Amino acid sequence: MSRKLAIDFGTTNSVIAQWNADRRETVPLPGISTGMGENHLIPSLLYVRDGRTGDVMIGAAVQAGGYDCQHDNRLFRNFKRSIGSSSSSEPRIIDGVQWTDADAGQHFLRCLLKALPCEVNDIEQLVITVPVALLEGYTVWIRDALKGFPPERVRIVDESTAAALGYAVTEPGTNVLVIDFGGGTFDISLVRLSEFGTSEKQVSTLSSLLGGERGNIAHVIAKTGASLGGSDIDQWLLAEVLSRTKIPAHNLGLGYAPLLTACESAKIALSTNKDVEIIVKPESGLERSVTITRAELEGLMEQHGFYAALRQLLDRVMGLAHQHGVFKEDISNVLLVGGTSLIPSVQRTLDTYFRTITHGRQKIRLPSWPAL
């Protein structure tokens, strides 16, 4: 049976979806994905067990084995940030072999394909989302990662168009502001959808892109971004917990990674709860706990300039839009993508900003994923 699949490769989590009759659903990968019901997330983690042979493990298996807590250089996380970019992190030497973030990403993608509950030959269409500003670099990376897979069956859709299609915004020529606020980056793209309004025509094949044809990828009017995301909030929260418990960071030892994970979980919980308890387990000494309220988390974000940076980036992209003759009244929808956009204070800030510039007309559309 032929299958149509899509991969959304994210900084913190990735998702595989499939078309099942008239229904779209995420695909569970036992041992690799987490979650139940309709949402199956794959942690974007890769651990190199043997750098010479390329033996790796990915996703939830890394967490289940405690490999995300190891004090070595074999764990890759947030590796999406440098793929297709001119600025990338320094290569690592693992078992005498050089590994880059792009290498980790390629192994990650190949492992996902091997874990699918079907044979590669049964995949009629494989859709992969890419950052709109890094289309060319990502195209080359995907080609290398999918060696042996027929390029005419690989379809590329930029993340801004994917967000619009996910929200069922398909009107030709529509100006859409996509705010992608994930774990590692904060990107704002003002795009004009192509003159084709259907999801089938909003994608280009990998083979056509390799030939230099962009097809019907969305046109970018203005774009800006910053290395700011949910992982920064986790670090601020961790520092606050250490300050309250008066535990030096170096005393955590192997407890550092678990505490960082606990802070990430606390941040997520505070999107729905008013307070949460964080347990600190230093390598030596007594276990301690700290209670953090939602108001205190928001205070930390304010203290570190989070909201100021958010407003500045919004002002910047609107300024760029004005230079291209696009004004606030020309934007039909503001689409939020990424788990960080589900933090209540982030939503309030965006709501206030866009109610001001749109004269009270609410255009903000929220994602349905849990905060990450």
Number of positions in the range 262-292 that are closer than 20 Å to G339 by Cβ and open to solvent by less than 80 Å² (accessible area, probe 1.4 Å): 14
Residue check, L46 in a loop (DSSP other than H, G, I, E, B), buried (at least 17 other Cβ atoms within 10 Å of the Cβ) and modelled with pLDDT of 90 or more: no
Step by step: first the residues of the range 83-94, then only those that are modelled with pLDDT under 90 and open to solvent by 30 Å² or more (accessible area, probe 1.4 Å), then the one that is farthest from G10 (Cα to Cα). Which residue is that? E90
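So, of the residues in the range 232-261 that are of a type in the set (G, A, S) and open to solvent by less than 30 Å² (accessible area, probe 1.4 Å), which turns out to be modelled with the highest pLDDT? If you could, list the steps in order and put the result at the bottom.
Filtering the range 232-261 for residues of a type in the set (G, A, S) gives 239, 243, 249, 253, 255, 257.
Narrowing further to those that are open to solvent by less than 30 Å² (accessible area, probe 1.4 Å): 253, 255, 257.
Values: G253: 77, G255: 81, A257: 76.
Of everything passing the filter in the range 232-261, G255 is modelled with the highest pLDDT.
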Among all residue pairs at least 6 apart or on different chains, which show Cβ distances below 6 Å where the first residue, located in the range 269-289, is of a type in the set (S, T, Y) and the second is in a strand (DSSP E or B)? S289/E277; S289/I279
Considering each residue of the range 95-124, count those that are part of a strand (DSSP E or B), in contact with a Ser or Thr (Cβ under 8 Å, 6 or more places away or on another chain) and open to solvent by less than 40 Å² (accessible area, probe 1.4 Å), and give that number. 1
Where the second residue is part of a helix (DSSP H, G or I) and at pLDDT below 95 and the first is of a type in the set (A, V, I, L, M) and surrounded by 15 or more Cβ atoms within 10 Å (Cβ to Cβ) and lies in the range 295-317, which pairs have Cβ atoms under 6 Å and are six or more apart or on separate chains? L310/T349; L314/Y353
If you scan the range 264-290, which residues turn out to be within 15 Å of L242 (Cβ to Cβ) and among the polar types (S, T, N, Q)? S284, S289
Kindly evaluate I188 against the criterion of being at pLDDT 75 or above and among the β-branched types (V, I, T). yes
Just to be sure, is R348 open to solvent by 70 Å² or more (accessible area, probe 1.4 Å), modelled with pLDDT of 85 or more, of a type in the set (K, R) and over 30 Å from K246 (Cα atoms)? yes
From (1) modelled with pLDDT of 95 or more; (2) over 22 Å from G183 (Cα atoms), pick out the condition that doesn't hold for Q303. (2)
Selected residue (only one of V191, V127 is assigned to a strand (DSSP E or B), closer than 28 Å to D315 by Cα and either open to solvent by less than 50 Å² (accessible area, probe 1.4 Å) or among the hydroxyl-bearing types (S, T, Y) (or both)): V191
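The values are calculated or read from the model by the stated rules, or taken from the named source; none is laboratory data. Fair warning: this is a prediction, and the values are worked out from it, not measured in the lab. A quick note on method: Cβ atoms are made from the backbone with ideal geometry, for glycine too, and the neighbour counts reach across all protein chains shown. Remember, those area values only see protein heavy atoms, side chains included, never the ligands or the DNA or RNA. Shrake-Rupley method; radii C 1.70, N 1.55, O 1.52, S 1.80 Å.
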